[in-house]
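What follows is a set of notes on a single structure, which appears directly below.
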Amino acid sequence: MHSGTVAIVGRTNVGKSTFLNAVLGEKLAIVSPLPQTTRDPLLGVLTTKDGQIAFLDTPGLHTPKSELGRRMNLSAESVLPASDAILFMTDVTAAEKGRGPVLPEDRSLAQKLLPEGGRVVLVLNKVDLVRDKSRLLPVLQAYTDLFPFEAVIPTSMARQDGVDRVLDALVACLPEGEPNYPEDTLTDRPVQYFVREYVREQVLNATRGEVPHAVAVTIDRYEDGPLARIGATIHVEKVGQRRILIGQGGAMLVRIGSAARQRIEAMIGKRSHLELFVRVTERWKNAPRMLTELGYEVSELAGAAGDKPGGRPVRRRRKKQS
Ligand SMILES: Nc1nc2c(ncn2[C@@H]2O[C@H](COP(=O)(O)OP(=O)(O)OP(=O)(O)O)[C@@H](O)[C@H]2O)c(=O)[nH]1
Ligand SMILES: [Mg+2]
């Protein structure tokens with residue numbers, strides 16, 4: 001049996017969280033077409049007959065424009081030292097747009113992040129977007145030269161193409177050993193974390209421009225029972241953003257709430273009542289104390305199971321037999 005931790009790192013928007021969900025077979029992480037969707041590392045554990053991989057999905061590395069962005073980058077980098085292997089992900093769209101076979105951002109990330117002697121699998125995602133497949137070959141070749149990768153695998157997470165090859169390559173990188181987590185472990189985060197994320201996900205889906213990136217969510221209450229009673233606050237930076245989120249006669253907030261509620265109910269397996277408030281918290285993205293209150297801590301290391309406040313981790317639910 002092979003067991004260990006795999007950090008999923010790379011630029012923003014390349015499909016890291018989509019990959020995590022694909023391997024877990026659960027829509028655990030939030031995914032969106034916008035950059036900087038993931039804001040903190042997320043543990044997702046996959047146990048198979050061959051072993052166990054504890055994946056750490058991380059925020060996409062980018063040039064930060066705020067203290068939040070700086071913390072996101074740091075939190076992504078912080079998971080690397082404790083990882084047994086790294087999945088370095090990029091997408092091939094830039095190559096398709098004629099920005100050269102290797103993006104300069106990827107070149108510098110590879111130089112800065114990938115440890116000498118480290119076991120790294122390179123995944124080139126979104127190959128479905130390249131119509132002329134002959135253009136992929138020089139890209140693959142150029143990326144292969146960046147680092148002595150264990151494997152270089154083109155994938156399309158959108159079509160679930162290549163996921164098994166990536167898994168096989170990663171398992172081969174992990175040390176022999178017994179699983180570190182019980183078999184039914186899915187993550188180390190409590191349901192409150194996912195409420196926060198699923199509300200934010202619906203904001204990302206429903207809004208555009210500066211609004212999606214101006215939003216943070218806090219959980220005011222979570223009362224479990226036959227019906228989970230949840231209260232959450234959506235923080236925005238400006239009054240105008242609050243107006244947009246509430247919408248005409250509150251319609252936008254209702255839409256966000258009901259979509260988030262469906263996601264939460266699928267996770268907890270029961271009905272819930274979700275009450276949302278929108279509050280203006282000026283400049284929260286650059287206020288260190290506020291960021292810490294909102295849960296965006298630099299010292300936070302996903303994967304250190306058990307030391308996260310706020311409740312029991314969400315367990316893997318048994319799949320219904322179909
Ligand atoms: N066409 C295509 N789109 C994909 C593929 N994989 C992911 N996407 C889309 O790419 C977008 C970004 O995906 P995410 O999984 O959120 O990307 P990420 O790397 O986690 O992004 P950050 O969290 O911002 O770092 C979403 O709209 C996905 O649906 C793929 O193979 N092909
Ligand atoms: Mg992500």
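The values are calculated or read from the model by the stated rules, or taken from the named source; none is laboratory data. It should be emphasised that the depicted structure is a prediction, and the values quoted were computed from it without experimental measurement. Glycine also receives a Cβ, built like all others from the backbone with ideal geometry; neighbour counts cover every protein chain displayed.
Observations on the model:
- Wholly enclosed helices (runs of 4 or more DSSP H) of region 127-207 bearing at least 2 residues modelled with pLDDT of 95 or more and crowded, with 19+ Cβ neighbours inside 10 Å: 163-173, 191-206
- Top-ranked residue of region 55-70 - restricted to ones that are within 14 Å of the chain's Cα centre (by Cα) and more than 10 Å from ligand 2 (Cβ to nearest atom), ranked as surrounded by the fewest Cβ atoms within 10 Å (Cβ to Cβ): Leu61
- Sole residue being in a helix (DSSP H, G or I) and either surrounded by fewer than 22 Cβ atoms within 10 Å (Cβ to Cβ) or away from ligand 1 (no atom under 13 Å from the Cβ) (or both), chosen from Leu109, Leu80, Leu20: Leu109
- The lone exception for Lys97 - which of (1) touching a residue at least 24 places away in the same chain (Cβ under 8 Å); (2) more than 30 Å from Gly295 (Cα to Cα); (3) charged (D, E, K, R) it fails: (1)
- Being in contact (Cβ under 8 Å) with a residue 24 or more places away in the chain and either over 22 Å from Glu96 (Cα atoms) or more than 16 Å from ligand 1 (Cβ to nearest atom) (or both) is a property that Ala158 lacks.
- Selection within region 24-45: residues that are over 22 Å from Pro212 (Cα atoms) and surrounded by 23 or more Cβ atoms within 10 Å (Cβ to Cβ). The member of this set that is nearest to ligand 1 (Cβ to nearest atom) is Gly44.
- Residue ID - farthest from ligand 2 (Cβ to nearest atom), chosen from residues in region 30-45 that are free of Cβ contacts under 8 Å to residues at least 60 places away in the same chain and not β-branched (Val, Ile, Thr): Pro33
- Odd one out for Ala54, checked against (1) without any contact (Cβ under 8 Å) to a residue 40 or more places away in the chain; (2) closer than 19 Å to Gly118 by Cα: (1)
- Being near ligand 2 (Cβ under 9 Å from one of its atoms) and at pLDDT 95 or above is a description that applies to Ser17.
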